[in-house]
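Here the structure comes first, spelled out in structure tokens, and everything after it is commentary.
The values are calculated or read from the model by the stated rules, or taken from the named source; none is laboratory data. Since this is a predicted model, take the numbers as computed values, not measurements. We place every Cβ from the backbone using ideal geometry, glycine too, and count neighbours over all the protein chains shown. For accessibility, only protein heavy atoms count, side chains too; no ligands or nucleic acids. Shrake-Rupley method; radii C 1.70, N 1.55, O 1.52, S 1.80 Å.
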Amino acid sequence: MGKSVSKKNKKPAPKAHANSAANAKSAPSQKLNEAQIAVHWREEESLQPQASFIAQANLVDSAVVDSFSEEHFPECFAQYADLLDWDQYWHTTLDTSKPPFWKWFVGGKLNVSYNCVDRHLADHKNKAAFIFVPEPEHEAPQVLTYRELYVRVNETAAMLRDFAGLKAGDRVTIHMPMIPELPVTMLACARLGVVHSVVFGGFSGEACGTRAADSGSRVLIYADGYWRNGKWIDHKGNADIAIEHAKKEGQEIDKVLVWRRYPGKTSSEAPMIIGRDFFVDEILQNYRGKIVAPVSLDAEAPLFLMYTSGTTGKPKGCQHRTGGYLAYVTGTSKYYQDIHPNDVYWCMADIGWITGHSYIVYGPLALAATSVLYEGVPQFPDAGRPWRIAERLDVNIFHTSPTAIRMLRKAGGDEPKKYNYHFKHMTTVGEPIEPEVWRWYYEVVGKKEAAIVDTWWQTETGGFLCTTKPALDPMKPGSAGPPALGIYPIIWDEEGKEVRAGSGAAGNICIRNPWPGIMQTIWGSPERFVTQYYKKYNKDPQSKDWRDWPYYAADGAVLAADGYYRILGRVDDVINVAGHRLGTKEVESACLTLPEVAEAAVVPAVDDIKGRVPVVYVSLKPGIAPTKQMQDKVTATIETIIGKIARPKTIHIVSDMPKTRSGKIMRRVLAAISNQMDTGDITTLANPDIVEQIRIQVQGRSRGPVKEGPEDIKMFGDER
Ligand code: WTA
């Protein structure tokens, strides 16, 4: 069950917004509505986009905005679908006959790779689709034109079909870094209707194996290695671990296709298994110049799976559809990323996350954009790197996360001033951004010239849900803004009562309507799809009316009087680390694989750069000593099972966990201790004394000042 905003507020609400209605109720009261978490930000000033930006923007016509109002739903989304080339036009825009398994553009047929590549050849064959920037600065950028992309996608598709035996509907797992061969492989899959599941390169081999097994992939696609932070990462060995692990979970993998970062040269120490592992550059020799007709696919055919963390230990495969997804990311790339034919667009996300799928690969390519693809980390070899890339390639649209912005600000707050680049537009995505960080982004990175969009959305939602319309809406630091076109959000409290605009209270943000970018289902778990996202606010499971099936996002939010949404963070057991989702249960399960560990609890702690980081509490089985070696073992286990991104900030070995009388671990109390916050009422615990003991262990004997703490930590997961 998803936790909700309300649960944690078993104590009186903290300070309320200065002019909020909730203020009146902020006196301590046990009866206080639990969802009435008061927020205490001051209202930020609004900033207007530059006239020069407005003059060239794609979305300036208020008639377009009006055409997406609720009375025009769902037909309004035909405007997005009309940006694509269809082999066969659809007959029904939205089919709601089996809620919440919506169908979009029913009867339509199209091919994603045709829309992202082939159709641009007539006008743009010599235009750069990607400019690949290797991390080592002495390696020159490499340009991939649309024509070259076409050739490579076709050859790769021929190899996948004729050598690997893949066909429409098969799943394939791709575990690759940020090199051009990654989008080439994805597009080759899309050309055939093969469902790709890209696993973020930084995940461990074991995490890849689990995902490959869940998706039923029998082919893995790898890279031998890549550059990251000045180091060569030997990646191929992860494939061997993945295969072994998938086998344990019942999935045989019979082929591994390995792209070499330097074709013709062996750069990985992992052995190649004869008959199973193949270097792609060698196999492709047999497919030179081959053309594969794009398979005409049903609009509802699955395009890809993207695994993400949820409230259970097992990551879930969000299944995205062909027509609706491509339409949604194309429309939102046009209006919110403001991509024009002559722009140079750089989204610094990794393609292994949803941002990369939607806003590096599919949306921008459907618009024939020129995108920068950067292999490495932003601050390598120094914090001036992104601005040197921007200057050299004349990037004018820039897209990144608050974690990257915080890091670049800390490592080189004045660096952007040294470079002569000009951004017309910038994006922040993935986590809440602090207003002062936003202002540095605006003033120093954007030189007060760029329009900024703060886009709120999720792996599940395919594309943006809340964002300002860059030429039409003022920017407000720290707020995502109004809903995206055709999205009708609402905030409810636990009882389903609407939390009104300007009330200063927070609640659970939901989207009342379906939209084309929403996932189709969870791969192999349709029941989980319904319970996770729709059950909470559905009043009539028999209803065929979409109005009865609001999408529950598991984020807390506040709606200001001006209609701007401010996203507070997750209200379930997910920690947003550097903009990446980590399930606390996943990390706990990893700890519990160690025979010495009796219990494990993972909580978020505030971090200046990454936003939140996991802190691990473990108790050991009787007779096991709480040593440094034991702590290291827990860290190593987490890195093996999930990957380095899950590495905890601290591991506390405690003698016991704070528990309810029914024996459930009180994670909320541990989160409060790790963040110097008030632990609230602990008198009802089975073992209240342990709380002070753990507090001293973590904070030292003298208690520091108790902090107010951010909302998401106040909201953090209770006993489960
Ligand atoms: C958070 C990333 C505040 C949110 C696209 C959501 C944000 C989770 C924002 C999804 C934003 C995303 N402001 N919080 N602009 N964008 N989030 O699935 O908690 O990796 O639920 O998708 O990130 O993360 P995911």
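What to note about this one:
- In the stretch 344-369, residue farthest from ASN576 (Cα to Cα) [restricted to those that are open to solvent by 10 Å² or more (accessible area, probe 1.4 Å) and out of contact with any Asp or Glu (no Cβ under 7 Å at 6 or more places or on another chain)]: LEU367
- Check on GLN285, modelled with pLDDT of 95 or more, assigned to a strand (DSSP E or B), open to solvent by 20 Å² or more (accessible area, probe 1.4 Å) and more than 17 Å from GLN88 (Cα to Cα): no
- For GLY462, the criteria (1) modelled with pLDDT of 95 or more; (2) away from the ligand (no atom under 14 Å from the Cβ); (3) not acidic (Asp, Glu) hold in every case but one, which is (2).
- Identity of the residue in the stretch 180-229, hydrophobic (A, V, I, L, M, F, W, C), assigned to a strand (DSSP E or B) and open to solvent by less than 10 Å² (accessible area, probe 1.4 Å), that ends up farthest from LYS316 (Cα to Cα): ALA223
- Residue within the stretch 399-410 that is within 16 Å of the ligand (Cβ to nearest atom), of a type in the set (Gly, Ala, Ser), within 22 Å of the chain's Cα centre (by Cα) and open to solvent by 20 Å² or more (accessible area, probe 1.4 Å) present: yes
- Pairing each residue of the stretch 232-260 that is within 19 Å of THR640 (Cβ to Cβ) with any residue that is of a type in the set (S, T, N, Q) and open to solvent by less than 60 Å² (accessible area, probe 1.4 Å), provided the two are 6+ apart or on different chains, yields C-beta distances under 6 Å for ASP234/SER268; LYS236/SER268.
- Test: residue in the stretch 443-458 that is more than 10 Å from the ligand (Cβ to nearest atom), open to solvent by 10 Å² or more (accessible area, probe 1.4 Å), in a loop (DSSP other than H, G, I, E, B) and within 19 Å of SER62 (Cα to Cα): no
- Members of the stretch 325-371 found to be assigned to a loop (DSSP other than H, G, I, E, B) and closer than 20 Å to ILE174 by Cα, listed by number: MET348, ALA349, ASP350, ILE351, GLY352, TRP353
- Residue within the stretch 467-486 that is on the phi > 0 side of the Ramachandran plot, assigned to a loop (DSSP other than H, G, I, E, B), surrounded by 20 or more Cβ atoms within 10 Å (Cβ to Cβ) and more than 13 Å from the ligand (Cβ to nearest atom) present: yes
- In summary, THR531 fulfils each of the numbered conditions (1) among the hydroxyl-bearing types (Ser, Thr, Tyr); (2) part of a helix (DSSP H, G or I); (3) within 16 Å of the ligand (Cβ to nearest atom) with the single exception of condition (3).
- Residues being within 16 Å of the ligand (Cβ to nearest atom) and in a loop (DSSP other than H, G, I, E, B) - total across the stretch 487-506: 1
- Residue count for the stretch 500-541, restricted to those that are out of contact with any strand residue (DSSP E or B) (no Cβ under 8 Å at 6 or more places or on another chain), open to solvent by 30 Å² or more (accessible area, probe 1.4 Å) and hydrophobic (A, V, I, L, M, F, W, C): 1
- Residue list for the stretch 411-430, restricted to those being within 16 Å of the ligand (Cβ to nearest atom), among the aliphatic types (A, V, I, L, M) and either in contact (Cβ under 8 Å) with a residue 60 or more places away in the chain or open to solvent by 10 Å² or more (accessible area, probe 1.4 Å) (or both): VAL429
- Residues in the stretch 595-639 that are part of a helix (DSSP H, G or I) and either charged (D, E, K, R) or farther than 20 Å from SER204 by Cβ (or both): LYS628, GLN629, MET630, ASP632, LYS633, GLU639.
- Contact map, the stretch 558-577: residues that are acidic (Asp, Glu) and away from the ligand (no atom under 12 Å from the Cβ) paired with residues that are open to solvent by 10 Å² or more (accessible area, probe 1.4 Å) and not in a loop (DSSP other than H, G, I, E, B), Cβ distance under 9 Å, separation 6+ or inter-chain. Pairs shown: ASP573/LYS585; ASP573/ARG667.
- Residue within the stretch 674-682 that is touching a Gly at 6+ places or on another chain (Cβ under 7 Å), in a loop (DSSP other than H, G, I, E, B), buried (at least 18 other Cβ atoms within 10 Å of the Cβ) and at pLDDT 85 or above present: yes
- Only one of the numbered conditions (1) assigned to a loop (DSSP other than H, G, I, E, B); (2) farther than 20 Å from ILE131 by Cβ is violated by ARG409, and that is (1).
- Residue in the stretch 109-123 that is open to solvent by less than 30 Å² (accessible area, probe 1.4 Å), within 30 Å of TYR89 (Cβ to Cβ) and part of a loop (DSSP other than H, G, I, E, B) present: yes
- Inter-residue pairs, beta-carbon under 7 Å, first within 11 Å of the ligand (Cβ to nearest atom) and in the stretch 346-360, second of a type in the set (D, E, K, R), 6+ apart: GLY356/ASP350
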